[in-house]
Amino acid sequence: MGKTLFDKVWDAHVVDSIKGGPDVLYIDKHLIHEVTSPVAFLGLDNRGIKVLRPENTVATPDHNIPTMNQDKPIQDELSRMQVDKLSENTKKHGITLYGLNHQYHGVVHVIGPELGISQPGMTIVCGDSHTATHGAFGSVAFGIGTSEVEMVFASQCIMQPKPKKMRITVNGQLGKGVTAKDLILYIISKLTASGGTGYFIEYAGNTFTNLSMEGRMTVCNMSIECGARGGLIAPDKTTFDYVKGRKFTPKGEEWGKKLTEWEKLYTDKDAVFDKELAFDAADIEPMITYGTNPGMGMGVTQSIEVHNNATYKKALDYMQFKAGEQILGTPVDYVFVGSCTNGRIEDLREFTSFLKGKKKADNTTVWIVPGSKQVEKQAIEEGIDKVLAESGIIMRQPGCSACLAMNDDKVPAGKLAVATSNRNFEGRQGPGSRTILSSPLTAAAAAITGKISDPREEFKL
Amino acid sequence: MAIDKFQTIQSACVPLAIENVDTDQIIPARFLKATERKYFDKNLFRDWRYDNNNQPIATFPLNNAKYNGSIIVSGKNFGSGSSREHAAWAIYDYGFRVVISSFFADIFKGNALNNGLLPVQVTPEFLENLFAEIENDPKTEVEVNLAKQTIILKTTGAQESFEINSYKKECLQKGFDDIDYLLSIKNKIESYESTRI
């Protein structure tokens, strides 16, 4: 019987299998940041051991950092200490650090791909659930806890039971104003926040293969939001073209060798999945969420479903919405564009594509946060910062920012935000904040009109 | 670095009768700034436990004196969202040793097991029954026997078996952790590496 893409990558990394237990899985690349690594480093100290393969580890501070005045010391003492601790730990263990103000600094899942650290066929882990982003390259990439971060430090391996496999096939062309973000929000709304639990997802079909790498990253990034540990897409010409020539990708003769290996990374025709789902791209409209998990999503023009259970009611009460009502036209206090989901150059382009000559709404505060220094640089080169400025919007500096509000970018209690990030949990963007997830295009429509708007109407698509 | 050995536990339960309890609720991101594993229990369920003025919210079960014990019972998809192990630390350090639900998020489940916190997955019927018994009498006790992999509702005698892989079971019973194991197979890891270059 043939193998799935996931099997091919996973099986090639199994060092050992424990009977009735997990596999010992070898990790090619380990990405670390300031929040989930310090206790793992402490664990190494307590055992009196060092990082086994520091050359396979890359560090960057992203979760905690301010997105203004990055050249000045971090004001929040606890944040500063955590960022300093990352510098101290990486120095001690000989790990490459792209610190604040470094030309390669940024959100960990944005810099991995743009530096060519993320490559097809690899196993990639990070103490962050959105590590699935790197699955866009046909790698097995997933988020891990701090104990597992310590395992990778100590042995370059982790112990993992092999997940089940699901294939989600979507074919057809996405409608006007419908983007990669809408595609994944639609899939999650169909699966619910737990429908993918226990599985690793392969996204297949021409709707995915027609996406750019940025779009594929947005899709894979949110795999965890339906409970799946990760998601991946078979690498193709789009992938190889993106990877070629980046800082850490193989060059010369080595490139040719790798390419031959990577071209074998696809699911065999007779391979079997534990679960198969299929959707039609034509059914998808621009998506928004209305509840307190990413599975509670709907088309922007639709009305909130009616369900009679305590969890559902609690979510709608928190969001101050009523079952059966439309959200279209609801005033929006904040718009946030950024994060590992939608903080790449293509997302900033998408946001500004219809912005020229228009002002942001007076009632709406808009935060635009590039995913990395390189994205910031490119945005400036393309004049995106100027278009923003003319609309009354400042481009901030790279970081996770209001996605999880560990820094000062907090949405105040009770305020409603449209965010291009990945989670609409209670208080995710600050205590009491209310979040609607959307694409950068739908966020642009909200920023201009100051209310939830259909980008197809607003931009006459 | 051994974890505490897991014994059979008989305890009353603290009920959280909602679904999809995510790790941002278990411990909000703004409390993840420590560089040591300290005080996370203080902020367990912070925004459900305390109001904007830091006053305890009386209706939240953790603040309700009638609920006690070392077991949390919650609706399906417990621990969804972020990979933060701080969620498992906060629950464990608060004094809980077992979480009962009809369904756990993957990363949380792994994090819990790596810290000696046992996730016990029961059927939706058992869970509903348990919630009803606790509502009826908050002193309702449950026995969780790891060796036999059984959970017993003491008031009604209702019993189920739960699954755990034999490796993790042994780790919990003996207080071993994965890193001890991985360090013990260093030769195998190095020999794997030599085949890939």
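When we screen A:408, A:385 for residues that are among the charged types (D, E, K, R), under 23 Å from residue A:110 (Cβ atoms), within 11 Å of chain B (Cβ to nearest Cβ) and over 20 Å from the mean Cα position of the chain (by Cα), the only hit is A:408.
Within the range B:1-32, the set of residues being of a type in the set (A, V, I, L, M, F, W, C), open to solvent by less than 10 Å² (accessible area, probe 1.4 Å), in contact with a helix residue (DSSP H, G or I) (Cβ under 7 Å, 6 or more places away or on another chain) and within 9 Å of chain A (Cβ to nearest Cβ) comprises just one member, B:32.
Scan the range A:209-223 residue by residue and report those that are away from chain B (no Cβ under 14 Å) and touching a Gly at 6+ places or on another chain (Cβ under 6 Å).
Pass one, the range A:209-223, residues away from chain B (no Cβ under 14 Å): A:209-220.
Answer for the range A:209-223, where residues must be away from chain B (no Cβ under 14 Å) and touching a Gly at 6+ places or on another chain (Cβ under 6 Å): just A:220.
No other residue among A:285, A:276 is touching a Ser or Thr at 6+ places or on another chain (Cβ under 8 Å) and surrounded by 15 or more Cβ atoms within 10 Å (Cβ to Cβ) apart from A:285. Considering only residues that are under 23 Å from residue A:311 (Cβ atoms) and either of a type in the set (Gly, Ala, Ser) or buried (at least 24 other Cβ atoms within 10 Å of the Cβ) (or both), which ones fall in the range A:413-424? If the condition is that a residue be under 23 Å from residue A:311 (Cβ atoms) and either of a type in the set (Gly, Ala, Ser) or buried (at least 24 other Cβ atoms within 10 Å of the Cβ) (or both), then A:413, A:414, A:417, A:419, A:421, A:422, A:423, A:424 are the ones that fit.
Filtering the range B:119-133 for residues that are surrounded by 18 or more Cβ atoms within 10 Å (Cβ to Cβ), closer than 22 Å to residue A:128 by Cα and modelled with pLDDT of 95 or more leaves a non-empty set. Within the bounds of the range A:96-109, is there any residue that is within 14 Å of another protein chain (Cβ to nearest Cβ) and either under 18 Å from the mean Cα position of the chain (by Cα) or not charged (D, E, K, R) (or both)? Yes, because at least one residue in the range A:96-109 is within 14 Å of another protein chain (Cβ to nearest Cβ) and either under 18 Å from the mean Cα position of the chain (by Cα) or not charged (D, E, K, R) (or both).
Can you spot a residue in the range A:92-110 that is more than 24 Å from residue A:378 (Cβ to Cβ), assigned to a loop (DSSP other than H, G, I, E, B) and of a type outside the set (Lys, Arg)? It would help to see each step written out before you state the result.
Looking only at the range A:92-110, we keep the residues that are more than 24 Å from residue A:378 (Cβ to Cβ), and these are A:92-95.
The next check asks that each one be assigned to a loop (DSSP other than H, G, I, E, B); those that pass are A:94-95.
Narrowing further to those that are of a type outside the set (Lys, Arg): A:94-95.
Checked against the condition, which is being more than 24 Å from residue A:378 (Cβ to Cβ), assigned to a loop (DSSP other than H, G, I, E, B) and of a type outside the set (Lys, Arg), the range A:92-110 yields at least one hit.
Restricting attention to the range A:420-452, the residues that are within 14 Å of another protein chain (Cβ to nearest Cβ) and over 17 Å from the mean Cα position of the chain (by Cα) add up to 7. Scanning the range B:187-197 for residues that are assigned to a helix (DSSP H, G or I) and modelled with pLDDT under 95 returns B:195, B:196.
Suppose the filter is touching a residue at least 24 places away in the same chain (Cβ under 8 Å), in contact with a Gly (Cβ under 9 Å, 6 or more places away or on another chain) and within 14 Å of chain B (Cβ to nearest Cβ); does residue A:136 pass it?
Values: touching a residue at least 24 places away in the same chain (Cβ under 8 Å): yes; in contact with a Gly (Cβ under 9 Å, 6 or more places away or on another chain): yes; within 14 Å of chain B (Cβ to nearest Cβ): no.
No.
Cβ-Cβ distances below 9 Å connect the following pairs, each with a first residue in the range A:337-357 that is on the phi < 0 side of the Ramachandran plot, a second residue that is assigned to a strand (DSSP E or B) and open to solvent by 10 Å² or more (accessible area, probe 1.4 Å), and a separation of six or more residues or different chains: A:337/A:366; A:337/A:367; A:348/A:395.
The residues in the range A:359-372 that are more than 14 Å from residue A:418 (Cβ to Cβ) and surrounded by fewer than 17 Cβ atoms within 10 Å (Cβ to Cβ) can be counted, and the count is 2.
Can you find even one residue in the range A:251-269 that is part of a loop (DSSP other than H, G, I, E, B), β-branched (Val, Ile, Thr) and either touching a strand residue (DSSP E or B) at 6+ places or on another chain (Cβ under 8 Å) or surrounded by fewer than 18 Cβ atoms within 10 Å (Cβ to Cβ) (or both)? Break it down stepwise before answering.
First, pick out the residues of the range A:251-269 that are part of a loop (DSSP other than H, G, I, E, B): A:251, A:263-269.
Adding the requirement that they be β-branched (Val, Ile, Thr) leaves A:267.
Adding the requirement that they be either touching a strand residue (DSSP E or B) at 6+ places or on another chain (Cβ under 8 Å) or surrounded by fewer than 18 Cβ atoms within 10 Å (Cβ to Cβ) (or both) leaves A:267.
Yes, the range A:251-269 contains a residue that is part of a loop (DSSP other than H, G, I, E, B), β-branched (Val, Ile, Thr) and either touching a strand residue (DSSP E or B) at 6+ places or on another chain (Cβ under 8 Å) or surrounded by fewer than 18 Cβ atoms within 10 Å (Cβ to Cβ) (or both).
Consider residue A:375 carefully, then state whether it is surrounded by 21 or more Cβ atoms within 10 Å (Cβ to Cβ), modelled with pLDDT of 95 or more and not assigned by TED's automatic domain parsing to the domain that holds residue A:108. Judged against the criteria, residue A:375 is a match.
Looking at B:62, B:113 in this structure, which one is out of contact with any Gly (no Cβ under 8 Å at 6 or more places or on another chain), under 22 Å from residue B:31 (Cβ atoms) and not charged (D, E, K, R)? Walk me through how you get there before you give the answer.
Values: B:113 fails: under 22 Å from residue B:31 (Cβ atoms).
Testing whether each residue is out of contact with any Gly (no Cβ under 8 Å at 6 or more places or on another chain), under 22 Å from residue B:31 (Cβ atoms) and not charged (D, E, K, R) leaves just B:62.
Quick check: is even one residue across the range A:193-208 more than 11 Å from every other protein chain (Cβ to nearest Cβ), crowded, with 24+ Cβ neighbours inside 10 Å, touching a residue at least 40 places away in the same chain (Cβ under 8 Å) and outside any helix (DSSP H, G or I)? Yes, that holds for at least one residue.
With A:402, A:417 as the choices, which residue is in contact with a strand residue (DSSP E or B) (Cβ under 6 Å, 6 or more places away or on another chain) and more than 14 Å from chain B (Cβ to nearest Cβ)?
Details: A:402 fails: more than 14 Å from chain B (Cβ to nearest Cβ).
Answer to the check: A:417.
The single condition from (1) touching a strand residue (DSSP E or B) at 6+ places or on another chain (Cβ under 8 Å); (2) in contact (Cβ under 8 Å) with a residue 24 or more places away in the chain that residue A:144 fails is (2). Here residue A:410 does not qualify as in a loop (DSSP other than H, G, I, E, B), at pLDDT below 95, surrounded by fewer than 23 Cβ atoms within 10 Å (Cβ to Cβ) and charged (D, E, K, R). Please go through the range B:141-164 and pick out each residue that is surrounded by 15 or more Cβ atoms within 10 Å (Cβ to Cβ) and part of a strand (DSSP E or B). Within the range B:141-164, B:141, B:142, B:143, B:144, B:145, B:150, B:151, B:152, B:153, B:160 meet the criteria. Could you tell me whether the range A:4-21 includes any residue that is open to solvent by less than 30 Å² (accessible area, probe 1.4 Å), more than 17 Å from residue B:178 (Cβ to Cβ) and at the interface with chain B (Cβ under 9 Å from one of its Cβ atoms)? Within the range A:4-21, none of the residues are open to solvent by less than 30 Å² (accessible area, probe 1.4 Å), more than 17 Å from residue B:178 (Cβ to Cβ) and at the interface with chain B (Cβ under 9 Å from one of its Cβ atoms).
Checking each residue in the range A:233-250 for being assigned to a helix (DSSP H, G or I) and either under 20 Å from residue A:28 (Cα atoms) or among the aromatic types (Phe, Trp, Tyr) (or both) picks out A:239, A:240, A:242, A:243. When the range B:78-125 is filtered for residues that are basic (Lys, Arg) and away from chain A (no Cβ under 11 Å), only B:97 remains.
Only residues that are touching a residue at least 60 places away in the same chain (Cβ under 8 Å) and within 11 Å of chain B (Cβ to nearest Cβ) were counted across the range A:39-55, and they come to 9.
With the requirement that a residue be touching a residue at least 40 places away in the same chain (Cβ under 8 Å), within 11 Å of chain A (Cβ to nearest Cβ) and surrounded by fewer than 17 Cβ atoms within 10 Å (Cβ to Cβ), what does the range B:165-197 give you? First the steps, then the outcome.
If we filter the range B:165-197 for residues that are touching a residue at least 40 places away in the same chain (Cβ under 8 Å), which is where we start, we get B:168, B:171-180.
Of the ones still in play, those that are also within 11 Å of chain A (Cβ to nearest Cβ) are B:168, B:171, B:177-180.
Correct list: B:180 only.
The values are calculated or read from the model by the stated rules, or taken from the named source; none is laboratory data. Computed from a prediction, not measured in an experiment: that's the story for all the values here. Cβ coordinates were reconstructed from backbone atoms using ideal geometry, including for glycine residues, and neighbour counts include every protein chain displayed. Please note that ligands, DNA and RNA were not included when accessible areas were found on the heavy atoms of the full protein model with its side chains. Shrake-Rupley method; radii C 1.70, N 1.55, O 1.52, S 1.80 Å.
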